[in-house]
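The values are calculated or read from the model by the stated rules, or taken from the named source; none is laboratory data. Just so it is clear, the structure is predicted and the values come from calculations on it, not from any experiment. Cβ coordinates were reconstructed from backbone atoms using ideal geometry, including for glycine residues, and neighbour counts include every protein chain displayed. These area figures cover heavy atoms from the full protein model, side chains too; ligands, DNA and RNA do not enter into them. Shrake-Rupley method; radii C 1.70, N 1.55, O 1.52, S 1.80 Å.
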Amino acid sequence: QRGSGCSHRNRTTTSVTVRRPWQQIKQVTTMNQGAAFQTFDGHLNLDPTERQRAERLHIEMTAFLVSEGLIVGGFLQGSFARKTMRAPLHDVDKVVLLPVSQEAAIRAQLRGPDVVMDSLELAIDRRYRGTTFERKKHVLQCTLPGYDFPLDIAPAFVGPDDGMGDVFIANREAMDPADAWERSNTRALMRVVSARNALTLGRFIHWVRMG
């Protein structure tokens with residue numbers, strides 16, 4: 001209506017969400033905790049370049065020992081393989097699988113583990129001059145020139161064909177030939193960790209490192 005002194009216009013209503021102070025504090029705290037978690041976890045992670053270098057050494061060493069006829073294969077084990085190792089990288093655990101054709105003769109000897117390590121040591125020293133060796137209960141520890149971490153090599157025979165993937169790992173401290181090769185479920189342990197990590201959307205290995 002004209003002359004009424006009033007003008008009718010379309011009005012737009014804007015909805016404004018007002019956060020209470022305690023809600024804002026909670027949001028900031030949550031963000032800070034998340035950022036702190038990522039920062040802390042980042043400090044525990046192995047250096048990606050160093051990890052790749054260690055993995056290449058594992059592959060290279062396996063190929064070399066296979067070419068020498070000393071093993072038929074190998075795989076990583078331990079915290080490095082499970083990706084639960086905290087930085088810095090302090091060692092890489094590796095299982096090497098021995099030929100089945102040698103199993104009966106080697107397992108008949110109390111010194112079987114040392115006989116195998118003798119052969120591995122000679123070959124590795126020939127390929128990687130300057131390597132230092134130390135023998136432990138289950139492994140031949142190799143410190144190669146140019147690497148800041150040792151490669152712990154555990155000789156093993158393939159276990160029963162029961163789908164578990166168990167192996168028989170050398171035991172240098174055995175008092176009887178029957179005990180010189182201990183059954184190990186290291187592969188099953190890696191499967192368990194992998195499955196748990198998948199169930200937690202990749203968080204499990206981070207929790208283990210922080211533990």
For the ranges 57-63, 77-83, what's the packing order if you count other beta-carbon atoms within 10 Å of each residue, average per peptide, and put the highest first?
77-83, 57-63
What length, rounded to one decimal in nm, is gained on full extension from Leu122 through to Gln109, with 0.36 nm per residue of separation minus their alpha-carbon distance?
2.7 nm
What aspartates and glutamates sit close enough to Lys136 to cross-link, taking a C-alpha to C-alpha distance under 20 Å and skipping anything fewer than 8 places away on the same chain?
Asp91, Asp93, Asp114, Asp118, Glu121, Asp125, Asp148, Asp152, Glu173, Asp176, Asp179, Glu182
Collect residues whose amide H, placed 1.01 Å from N in the peptide plane, falls under 5 Å from the amide H of Ala87; neighbours closer than 5 in sequence don't count.
Asn45, Leu46
In nanometres, what is the gap between the two model label sites at Asn171 and Thr132, each 7 Å from Cα along Cα-to-Cβ?
3.0
Just need the relative contact order of the stretch 44-135 here, percent rounded to a whole number, with Cα pairs under 8 Å and 6+ apart.
27
Roll a 1.4 Å probe over the protein heavy atoms and report the accessible area of Ser101 in Å², nearest 10.
110
